[in-house]
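Here the structure is laid out as structure tokens; the discussion comes afterwards.
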Amino acid sequence: MRIDKFLNAVNITKRRAVAEDMLAHQVVFINNQSVKKSKEVKVGDIIEIKYLDKSDKFKVLQVPTTKSTPKSKMLEYVEKLSDEG
């Protein structure tokens with residue numbers, strides 16, 4: 001699954017347009033590399049989102065097969081690693 005769709009599907013971002021904007025401004029990293037929206041997400045990847053005042057890291061546990069998942073199921077797909085900042 002592409003990173004822009006993944007961020008939205010597992011409820012890290014509220015809308016895919018927000019995810020695309022974050023990717024365009026190069027604040028999303030997979031395994032410490034800035035990525036474009038077409039980057040495929042794999043199990044085990046570490047996703048980092050760098051905000052102005054903090055940074056969030058998530059480990060991919062599984063990739064959803066559907067376009068959206070309930071917010072209550074978020075922890076089945078990603079594990080939040082840290083809040084830095």
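Data for the structure
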read-out: Loop-located chymotrypsin sites (Phe, Trp or Tyr not before Pro) in the chain, at most 13 other Cβ atoms within 10 Å (DSSP); value: Y51
read-out: Relative packing of 59-68, 16-25, which averages over residues the other C-beta atoms within 10 Å, highest first; value: 16-25, 59-68
read-out: J(HN,Hα) series, the stretch 50-58, from Karplus relation 6.51 cos²θ - 1.76 cosθ + 1.60, nearest Hz, glycine and proline x; value: 9, 8, 4, 10, 7, 9, 10, 10, 9
read-out: Stretch gain in nm, segment K36-S72, where the contour uses 0.36 nm per residue and the Cα spacing is subtracted; value: 10.2 nm
read-out: Convex hull volume per residue for the chain, taking Cα atoms only, in Å³; value: 84 Å³
read-out: Residue-count net charge about M1 - beta-carbon cut-off 13 Å; Lys, Arg +1, Asp, Glu -1; value: +4
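The numbers here are math on the coordinates, done by the rules we state, and not lab data. Small disclaimer: the values here were computed from a predicted structure and weren't measured. Positions of Cβ are backbone-derived with ideal geometry, glycine not excepted, and every protein chain shown enters the neighbour counts.
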